[in-house]
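**Student:** The structure that follows is given in the form of structure tokens.
The values are calculated or read from the model by the stated rules, or taken from the named source; none is laboratory data. Note that the coordinates shown come from a computational prediction; the quantities given were computed from them, not determined experimentally. Positions of Cβ are backbone-derived with ideal geometry, glycine not excepted, and every protein chain shown enters the neighbour counts. Ligands, DNA and RNA are excluded from the accessible area calculation, which covers all protein heavy atoms including side chains. Shrake-Rupley method; radii C 1.70, N 1.55, O 1.52, S 1.80 Å.
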Amino acid sequence: MNIWEIIIITVIKIGAILTIMLLTVSYLVYFERRISAWIQSRLGPNRVGWEGILQPFADVFKLLLKEDISPVAANKFIHGLAPFIAVFVAFSTYAVIPIGPDVTIFGYSIQLVVADVNIGVLYVLALTSLGVYGLTFAGWSSGSKYSLLGGIRSSAQMISYEVSMGFSVGGVLLMAGSLSPIAIVEAQYGWMWNAIVQPIGFITFTVAAFAETNRLPFDLPEAEPELVGGYHTEYSSMKFAGFFLAEYANMIIAAGMIVTLYLGGWQVPYIDKLGLGEIVTALMQVGSFFVKMGAILFFFIWVRWSIPRFRYDQLMNLGWKVMFPLSLINIVWVAALIMIFNL
Amino acid sequence: MGVKKRQKDLTTLDKLYLPEIFKGLALTFKSMFKPKVTMEYPEVKFEPPASYRGRPVLVQEENGVERCVACGLCSRVCPALAIEVRANETELEKERYPETFEINMIRCIFCGFCEEVCPEEAIVMSKDYELVFTNREDAVYGKDKLLVPVHKLKDRLEFLRNFK
């Protein structure tokens, strides 16, 4: 492959991933509303199009027509910059998550990942920690006390949960011996899923992912009863939509990371024993990745409408006194497994 | 549930917090498949019970004459000053009738005092809750809109007889 072919293929991959992301985000919002309604014995939006299937587009159109307000007390530049940071981080993170095995299309061998970086996991962790700047800037620059409190809470929460998240990832890295997401997926061949091998790490990572994406029960940065709207109290129109988009895109990334690190990524156990053709196998593997991700996303929504919000001290207690020791225990557990079974 | 436990009485399983989370998740999952309570309004309309206080209407007897004798009590008792009655004389047995009877539906607060005070059971609250007008003039309901045949108000009249 010459340089032009590589560039064209990469651009196509970026376009495909971005399209999938944006569509998933909009339908995630739709499903969040429908599922929450079903849980509360309601029907949810079902008027726009068949069963409300066009509702996301109506929502975006409405937000576009809203007036863009920035408060007098706000720092205009940072106030405008914050949603861009949030959206940029949310969408660029997805570049390293593989959605399928290598496939051959028109004679080209293509990896189903935008960038096969050998420090992929580190890249995701680094960028998601950058994402907190979006929220903190938004909270600080709005010139409102509610926003400021929301921003401070989000940064404190991120710091507390990033620790246990990092240590739970440590267990995965020990098993795979690599930071590359593709190598991690390939290390989970068969039923060697990390969720089965190291269940404690799976639980701590999932809980930390909830906290990192600011989802209930950890959505303290935007706790409505206390902080009005938290860090995005002073945002309207498409700037608000930016945060909204980023929140849901972060959910997708968290789901993608959980699937990649703990649920075997695109692997389907023993699919090569079935003797299917290469294309069918690849399609089934890509499909399995999306099914797993959908299940995790459903779990995110399901939890949000079941469990009440934590109090702030409970959140900190859980983060430092429970999650952190548990993730350390997980690392010791994985190290012991490797030592005993020579994995 | 029911019995309040103290922190020191919790077992290790209780302190783990996870069983309760799974219980909660199971509950919400079950309720996802329960029948929904939503009524899809323009297609399905809510049929109120007899005790419902919708817009006040004047009772029209079978012979087409209103029951009202234009005593003006309703207009007097109305806390929102929404009712205006102008009386006139008539050859009929009741001797007086309302020449005009107007209720300003912007002012009406649906308290039902007019119905309560009426000596003739001539003004009652109906089940009608769909009140739409696009300007202030339309909101003043005259006799043309207020008169409702008695057979349509049976529910309410019976309710008043039993419980008033």
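**Student:** If you scan region B:12-45, which residues turn out to be under 35 Å from the mean Cα position of the chain (by Cα) and of a type in the set (S, T, N, Q)?
**Tutor:** B:Thr28, B:Ser31, B:Thr38
**Student:** Further, regarding this structure: What's the number of the condition A:Gln40 fails, among (1) open to solvent by less than 40 Å² (accessible area, probe 1.4 Å); (2) touching a residue at least 12 places away in the same chain (Cβ under 8 Å); (3) within 14 Å of chain B (Cβ to nearest Cβ)?
**Tutor:** Status for A:Gln40: all satisfied but (1).
**Student:** Can you report the number of residues in region A:167-213 which are over 30 Å from A:Leu315 (Cα atoms), assigned to a loop (DSSP other than H, G, I, E, B) and either touching a helix residue (DSSP H, G or I) at 6+ places or on another chain (Cβ under 6 Å) or open to solvent by less than 20 Å² (accessible area, probe 1.4 Å) (or both)?
**Tutor:** The qualifying residues number 3.
**Student:** Output the number of residues of region B:23-40 satisfying the condition of being more than 7 Å from chain A (Cβ to nearest Cβ) and open to solvent by less than 60 Å² (accessible area, probe 1.4 Å).
**Tutor:** Within region B:23-40, residues that are more than 7 Å from chain A (Cβ to nearest Cβ) and open to solvent by less than 60 Å² (accessible area, probe 1.4 Å) number 1.
**Student:** Right, here's the next one. Please determine, by comparing only the residues of region A:49-63 that are away from chain B (no Cβ under 14 Å) and either free of Cβ contacts under 8 Å to residues at least 24 places away in the same chain or touching a Gly at 6+ places or on another chain (Cβ under 8 Å) (or both), which one is surrounded by the fewest Cβ atoms within 10 Å (Cβ to Cβ).
**Tutor:** A:Trp50
**Student:** In addition: From the list A:Ile35, A:Ile9, A:Ile17, pick out the single residue that is aliphatic (A, V, I, L, M), touching a Phe, Trp or Tyr at 6+ places or on another chain (Cβ under 9 Å), within 14 Å of another protein chain (Cβ to nearest Cβ) and surrounded by 13 or more Cβ atoms within 10 Å (Cβ to Cβ).
**Tutor:** On the way: A:Ile9 fails: within 14 Å of another protein chain (Cβ to nearest Cβ); A:Ile17 fails: within 14 Å of another protein chain (Cβ to nearest Cβ).
Step by step, each of A:Ile35, A:Ile9, A:Ile17 is checked, and only A:Ile35 is aliphatic (A, V, I, L, M), touching a Phe, Trp or Tyr at 6+ places or on another chain (Cβ under 9 Å), within 14 Å of another protein chain (Cβ to nearest Cβ) and surrounded by 13 or more Cβ atoms within 10 Å (Cβ to Cβ).
**Student:** Of the conditions (1) of a type outside the set (A, V, I, L, M); (2) within 14 Å of chain B (Cβ to nearest Cβ); (3) surrounded by 15 or more Cβ atoms within 10 Å (Cβ to Cβ); (4) not in a helix (DSSP H, G or I), A:Ser70 satisfies every one except a single condition; which number is it?
**Tutor:** Unmet for A:Ser70, out of (1) of a type outside the set (A, V, I, L, M); (2) within 14 Å of chain B (Cβ to nearest Cβ); (3) surrounded by 15 or more Cβ atoms within 10 Å (Cβ to Cβ); (4) not in a helix (DSSP H, G or I): (2).
**Student:** Now, a different point. Within the bounds of region B:41-57, is there any residue that is away from every other protein chain (no Cβ under 14 Å) and in contact with a Pro (Cβ under 6 Å, 6 or more places away or on another chain)? Before you say what the answer is, go through the steps one by one.
**Tutor:** Of all residues in region B:41-57, those away from every other protein chain (no Cβ under 14 Å) come to B:45-57.
If we keep only those that are in contact with a Pro (Cβ under 6 Å, 6 or more places away or on another chain) too, we end up with none.
Looking for residues that are away from every other protein chain (no Cβ under 14 Å) and in contact with a Pro (Cβ under 6 Å, 6 or more places away or on another chain), one finds none in region B:41-57, hence no.
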